[in-house]
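**Student:** Below is one structure. I have some questions about it.
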Amino acid sequence: MTKMMYRDAVLSTIMEEMARDPDVVVLGEDVVGGMGTAGGPEAIGGIWSTSTGLYDRFGPGRVIDTPISESAIVGAAAGLALSGKRPVAELMFADFIGVCLDQLWNQIAKFRYMFGGKSRCPAVIRMAYGAGFNAAAQHSQSVHQILTGMPGLKVVMPATPADVKGLLRTAIRDDDPVIFLEHKALYATSGDVPDDPDFMIPFGHARLCRAGGDVTIVSTGLLLGMCEAAADRLAAEGIGCDVIDLRTTSPLDEETILDSVEVTGRLVVVDEAPPRCGLAADLRALVAEKAFSSLKAPPLQVTPPHTPIPFARELESAYLPSVDKIEDAVRRVLAWR
Amino acid sequence: MQLSREALLNAYRAMKTIREFEERLHVEIQTGEIAGFTHLYCGQEAVAVGVCEHLGTRDRIVSTHRGHGHCLAKGCDVEGMMKEIWGSREGLCKGKGGSMHIADADKGMLGANGIVGAGAPIAVGAALASRANGPGPDGLDVAIAFSGDGACNQGTTFEAMNLAVVTQAPCIFVFENNHYSEHTGFSYAVGTDRDIASRAEAFGMKAWRADGTDFFAVHETMREVLAHVRGGGGPAAVEFDTERFFGHFEGDPQRYRGPGEIDRIRAERDCLTRFRAAVTAAGLLEHSDIDALDTQVMDTIEAAVSAARAAARPTAEDVLADVYISY
Ligand SMILES: Cc1ncc(C[n+]2csc(CCOP(=O)(O)OP(=O)(O)O)c2C)c(N)n1
Ligand SMILES: [Mg+2]
């Protein structure tokens with residue numbers, strides 16, 4: 001095991017996979033971070049420090065700094081993938097999928113199926129998502145809700161450095177397009193990461209962060225920390241929570257959720273995306289259909305309201321889920337009759 | 001064309017207001033009181049002011065992530081902006097938008113924008129509205145799309161330029177070439193030694209180029225551009241060569257700069273210093289006139305900061321205000 005930061009897990013995994021497989025290429029805005037400047041090409045090395053040193057080691061043929069052109073980045077990733085490469089493309093902020101939605105949705109996601117299974121499109125599109133920085137409505141969003149709903153995309157949301165390592169390696173070696181969502185507020189968090197150069201975590205396997213048996217809490221990314229904090233508070237009163245980290249929203253590990261809910265009979269889904277037509281609504285429908293007879297209370301969701309993300313500190317924290325809101329939801333599902 | 005004394009004083013006041021607004025933010029941001037991402041406009045003041053001094057409230061502008069200068073030059077309230085940046089509910093956008101999303105439709109300011117390249121199509125729409133309204137006594141109202149050199153690589157910008165040409169919309173694409181998009185040099189990101197204006201020309205519109213650190217060059221160029229566009233000559237583009245004095249955003253280590261680069265541009269390419277030197281050498285204004293404005297502006301900024309500090313904070317209920325449907 002090696003202790004490392006989430007962002008270093010991203011960088012080291014890309015570095016290792018590039019060293020292992022000459023077909024892996026990286027592209028994105030400022031991923032080199034100084035092209036055409038007096039400070040030299042790697043003056044900055046990517047604004048998230050997730051590509052620092054790649055250009056120096058692998059050169060311009062495999063590390064492509066792009067102009068501000070998201071449609072061309074994702075489209076080029078599609079073309080690279082159709083032509084035998086394994087692109088790892090970066091969108092600086094997940095919000096910018098708005099600029100290149102066609103390439104993600106109508107192109108990359110559809111090739112394998114639409115071409116009768118004859119095309120492979122092994123592209124990874126990484127992007128930084130999530131709120132907590134008062135970056136306001138266009139730089140804070142959680143976009144898994146939109147992307148998970150698109151047939152043809154796999155959607156990965158690692159919450160720990162170890163999961164970054166295992167899931168990003170799986171993503172890069174996967175033969176289908178994978179959206180890899182990195183929470184901005186997790187980049188500087190640290191954790192132990194296995195040293196095995198082939199350590200991989202398969203998609204569609206949720207992680208049981210905590211077993212408690214009274215209530216099931218399901219979440220992803222940054223919010224898991226809040227779920228665990230709420231579970232700790234409740235544990236002090238003898239209330240046990242199962243806390244489940246989905247890891248991937250597509251494919252979805254239904255079994256882990258259903259197994260837990262069959263024991264607890266109570267579900268709270270905690271999500272950073274807006275409330276309608278999202279992950280939380282989807283999982284509540286899942287248990288309503290497949291664990292109906294086990295349910296002891298209506299499944300609840302803790303999400304932001306149906307509004308854009310506000311700027312001011314007070315507004316953003318009121319907007320986001322919190323430990324208090326999660327604790328309150330758990331108490332409400334427990335209080336049901 | 002010689003500007004009146006009053007016009008000269010107004011132009012200087014406007015540029016100095018932007019400068020001191022930004023210099024003050026640069027200091028205040030280090031205290032941690034201001035949240036979010038802030039991109040300062042220092043160094044580019046002559047462009048915003050040289051363009052907007054020609055505009056009325058019926059003319060519209062669309063701005064970028066580096067928008068404070070455009071907002072101030074178009075008449076947005078200094079205190080309302082400062083309060084917005086502080087995240088107050090008394091801010092121009094009630095604390096919902098912050099630095100990157102300041103807007104004031106009543107002033108013809110259709111918004112700063114966090115999405116690079118998003119502004120140009122919106123400006124074309126505003127110009128099409130003006131085309132539909134037809135010319136007034138001074139000709140057509142215009143819409144200005146302010147864009148950076150980085151934004152000129154975005155497909156939306158190309159589509160907007162083409163649409164403006166196709167529809168002959170009274171739209172002016174103002175490209176502020178400060179030689180960097182974030183940490184990447186202009187020469188790399190455009191991939192040629194051609195300039196941005198020649199891209200605009202390739203779409204079939206008339207394009208101008210001028211030194212964006214020389215207020216008089218900007219102002220005079222825009223007089224010609226506006227005569228062309230207001231008169232129904234169709235869209236136009238202008239590329240201003242300018243400088244950004246601070247980092248891309250506050251906190252940028254700026255290792256991509258050459259040695260002494262910031263000192264050099266501040267010494268040689270400061271639009272305020274150049275303005276003062278030009279008007280005093282020509283005997284149009286005295287140093288004392290300008291010093292008096294400096295004092296006035298410092299007072300305005302000080303008052304705005306105090307007001308922003310003391311202004312009411314938003315509450316949790318405000319999250320749900322101004323949405324048409326809520327769950
Ligand atoms: C669609 C989109 N892509 C990328 C970014 C990140 N970003 C913000 S500003 C910027 C550089 C913009 O450069 P330029 O247009 O030259 O404007 P300047 O910052 O120099 O004023 C980038 C890449 C963004 N905000 N939106
Ligand atoms: Mg620029």
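The values are calculated or read from the model by the stated rules, or taken from the named source; none is laboratory data. Keep in mind that this is a model prediction, so the values were computed, not measured. All Cβ positions, even for glycine, are placed from backbone atoms using ideal geometry, and neighbour counts span all protein chains on display. Note: areas computed on protein heavy atoms with side chains; ligands, DNA, RNA excluded. Shrake-Rupley method; radii C 1.70, N 1.55, O 1.52, S 1.80 Å.
**Student:** What pairs come out if I take residues in the stretch A:48-70 that are modelled with pLDDT under 95 and pair them with residues that are away from ligand 1 (no atom under 15 Å from the Cβ) and in a strand (DSSP E or B) whose C-beta lies under 9 Å away, six or more apart or interchain?
**Tutor:** From residues that are modelled with pLDDT under 95, there are no pairs.
**Student:** Out of the residues in the stretch B:99-141 that are in contact with a helix residue (DSSP H, G or I) (Cβ under 9 Å, 6 or more places away or on another chain) and among the acidic types (Asp, Glu), which is nearest to residue B:18 (Cα to Cα)?
**Tutor:** So, considering only residues that are in contact with a helix residue (DSSP H, G or I) (Cβ under 9 Å, 6 or more places away or on another chain) and among the acidic types (Asp, Glu), the one nearest to residue B:18 (Cα to Cα) is B:104.
**Student:** Which condition from (1) under 20 Å from the mean Cα position of the chain (by Cα); (2) away from chain B (no Cβ under 14 Å); (3) open to solvent by 40 Å² or more (accessible area, probe 1.4 Å) is the one that residue A:22 breaks?
**Tutor:** (1)
**Student:** Going through the stretch A:66-100 one residue at a time, which ones are out of contact with any helix residue (DSSP H, G or I) (no Cβ under 7 Å at 6 or more places or on another chain) and within 12 Å of ligand 1 (Cβ to nearest atom)?
**Tutor:** If the condition is that a residue be out of contact with any helix residue (DSSP H, G or I) (no Cβ under 7 Å at 6 or more places or on another chain) and within 12 Å of ligand 1 (Cβ to nearest atom), then A:72, A:73, A:90, A:92, A:93, A:94, A:95, A:98 are the ones that fit.
**Student:** Filter the stretch B:163-191 for residues that are open to solvent by 50 Å² or more (accessible area, probe 1.4 Å) and either within 16 Å of ligand 1 (Cβ to nearest atom) or in contact (Cβ under 8 Å) with a residue 24 or more places away in the chain (or both) and give the result.
**Tutor:** Matches in the stretch B:163-191: B:163, B:168, B:179, B:187, B:188, B:191.
**Student:** Cβ-Cβ distance below 6 Å, separation of 6 or more or different chains: which pairs start in the stretch B:92-103 with a residue that is farther than 12 Å from residue B:76 by Cβ and end on one that is charged (D, E, K, R) and open to solvent by 30 Å² or more (accessible area, probe 1.4 Å)?
**Tutor:** Pairs that qualify, where the first residue is farther than 12 Å from residue B:76 by Cβ and the partner is charged (D, E, K, R) and open to solvent by 30 Å² or more (accessible area, probe 1.4 Å), are B:95/B:89.
**Student:** Could you name every one of the helices (runs of 4 or more DSSP H) located completely within the stretch B:193-296 that has at least 3 residues being within 16 Å of ligand 2 (Cβ to nearest atom)?
**Tutor:** In the stretch B:193-296, the matching helices (runs of 4 or more DSSP H) lie at B:196-203, B:261-268.
**Student:** Quick one: what pairs do we get from the stretch A:99-120, first residue in the same structural domain as residue A:152 (by TED's automatic domain parsing), second among the polar types (S, T, N, Q), C-beta under 8 Å, 6+ apart or different chains?
**Tutor:** Close Cβ pairs (under 8 Å, with a partner that is among the polar types (S, T, N, Q)) amount to A:99/A:71; A:99/B:154; A:99/B:156; A:100/A:71; A:102/A:71; A:103/A:71; A:111/A:119; A:112/A:119.
**Student:** One residue is enough: does the stretch B:1-13 have a residue meeting the conditions hydrophobic (A, V, I, L, M, F, W, C), within 16 Å of ligand 1 (Cβ to nearest atom) and open to solvent by less than 20 Å² (accessible area, probe 1.4 Å)?
**Tutor:** At the first step, the residues of the stretch B:1-13 found to be hydrophobic (A, V, I, L, M, F, W, C) are B:1, B:3, B:7-9, B:11.
Now narrow it down to the ones that are within 16 Å of ligand 1 (Cβ to nearest atom): none.
The answer is no; no qualifying residue exists.
**Student:** Let me ask something else. Scan the stretch B:105-123 and give yes if some residue there is crowded, with 24+ Cβ neighbours inside 10 Å, more than 16 Å from the chain's Cα centre (by Cα) and touching a residue at least 12 places away in the same chain (Cβ under 8 Å), otherwise no.
**Tutor:** No, the stretch B:105-123 has no match at all.
**Student:** In this structure, is residue A:130 at pLDDT 95 or above and open to solvent by 10 Å² or more (accessible area, probe 1.4 Å)?
**Tutor:** Spelling it out, it is not the case that residue A:130 is at pLDDT 95 or above and open to solvent by 10 Å² or more (accessible area, probe 1.4 Å).
**Student:** Tell me, which residue of the stretch B:311-327 that is facing chain A (nearest Cβ under 8 Å) and under 28 Å from the mean Cα position of the chain (by Cα) is least open to solvent (accessible area, probe 1.4 Å)?
**Tutor:** B:314
**Student:** When the residues of the stretch B:142-162 are narrowed to those that are more than 14 Å from chain A (Cβ to nearest Cβ) and assigned to a strand (DSSP E or B), which ends up nearest to ligand 1 (Cβ to nearest atom)? Lay out the reasoning, then the answer.
**Tutor:** Taking the stretch B:142-162 as the starting set, the residues that turn out to be more than 14 Å from chain A (Cβ to nearest Cβ) are B:142-146, B:161-162.
Among the residues that remain, those that are also assigned to a strand (DSSP E or B) are: B:143-146.
Numbers: B:143: 19, B:144: 15, B:145: 12, B:146: 9 Å.
Ranking the candidates gives B:146 first.
**Student:** Among the residues of the stretch A:303-321, write down those that are in a loop (DSSP other than H, G, I, E, B) and within 11 Å of another protein chain (Cβ to nearest Cβ).
**Tutor:** Of the residues in the stretch A:303-321, the ones in a loop (DSSP other than H, G, I, E, B) are A:303-312, A:320-321.
Listed by number, the residues that qualify are A:303, A:304, A:305, A:306, A:307, A:308, A:309, A:310, A:311, A:312, A:320.
**Student:** Please work out if residue A:155 is among the β-branched types (Val, Ile, Thr) and more than 30 Å from residue B:251 (Cα to Cα).
**Tutor:** When the stated conditions are applied, residue A:155 passes them.
**Student:** Next up: Can residue A:73 be described as within 14 Å of chain B (Cβ to nearest Cβ), over 24 Å from residue A:119 (Cα atoms) and buried (at least 23 other Cβ atoms within 10 Å of the Cβ)?
**Tutor:** Against the criterion (within 14 Å of chain B (Cβ to nearest Cβ), over 24 Å from residue A:119 (Cα atoms) and buried (at least 23 other Cβ atoms within 10 Å of the Cβ)), residue A:73 does not qualify.
**Student:** Taking the condition of being open to solvent by 30 Å² or more (accessible area, probe 1.4 Å), within 14 Å of chain A (Cβ to nearest Cβ) and hydrophobic (A, V, I, L, M, F, W, C), how many residues in the stretch B:192-220 meet it?
**Tutor:** The number of residues fulfilling the criteria is 0.
**Student:** Looking only at the stretch B:155-186, count how many residues are of a type outside the set (Val, Ile, Thr) and away from ligand 2 (no atom under 12 Å from the Cβ). Steps first, please.
**Tutor:** From the stretch B:155-186, those of a type outside the set (Val, Ile, Thr) are B:155, B:158-164, B:168-171, B:173, B:175-183, B:185-186; that's our starting set.
With the extra rule that they be away from ligand 2 (no atom under 12 Å from the Cβ), the set shrinks to B:155, B:158-164, B:168-171, B:173.
Total meeting the criteria: 13.
**Student:** Between a first residue in the stretch B:18-35 that is within 14 Å of chain A (Cβ to nearest Cβ) and a second residue that is open to solvent by 50 Å² or more (accessible area, probe 1.4 Å) and assigned to a helix (DSSP H, G or I), which pairs have beta carbons less than 7 Å apart while being 6 or more apart in sequence or on different chains?
**Tutor:** B:35/A:313
**Student:** Does residue B:212 qualify as being within 16 Å of ligand 1 (Cβ to nearest atom) and closer than 13 Å to residue B:64 by Cα? So that I can check it myself, show each step before the final result.
**Tutor:** On the way: within 16 Å of ligand 1 (Cβ to nearest atom): yes; closer than 13 Å to residue B:64 by Cα: no.
No: the conditions fail for residue B:212.
**Student:** Continuing with this model, one more query. Can you list residue pairs whose Cβ atoms sit under 7 Å apart, with the first residue in the stretch A:316-337 being within 29 Å of residue B:36 (Cα to Cα) and the second being surrounded by 14 or more Cβ atoms within 10 Å (Cβ to Cβ) and at pLDDT below 95? Count only pairs 6 or more apart in sequence or on different chains.
**Tutor:** none
**Student:** Regarding the stretch A:44-59, can at least one residue be identified that is within 14 Å of ligand 1 (Cβ to nearest atom), surrounded by fewer than 18 Cβ atoms within 10 Å (Cβ to Cβ) and within 16 Å of residue A:181 (Cβ to Cβ)?
**Tutor:** Scanning the stretch A:44-59 turns up no residue that is within 14 Å of ligand 1 (Cβ to nearest atom), surrounded by fewer than 18 Cβ atoms within 10 Å (Cβ to Cβ) and within 16 Å of residue A:181 (Cβ to Cβ).
**Student:** Now a separate question. Would the stretch A:114-137 turn up any residue that is away from chain B (no Cβ under 14 Å) and assigned to a helix (DSSP H, G or I)?
**Tutor:** Yes, the stretch A:114-137 has at least one match.
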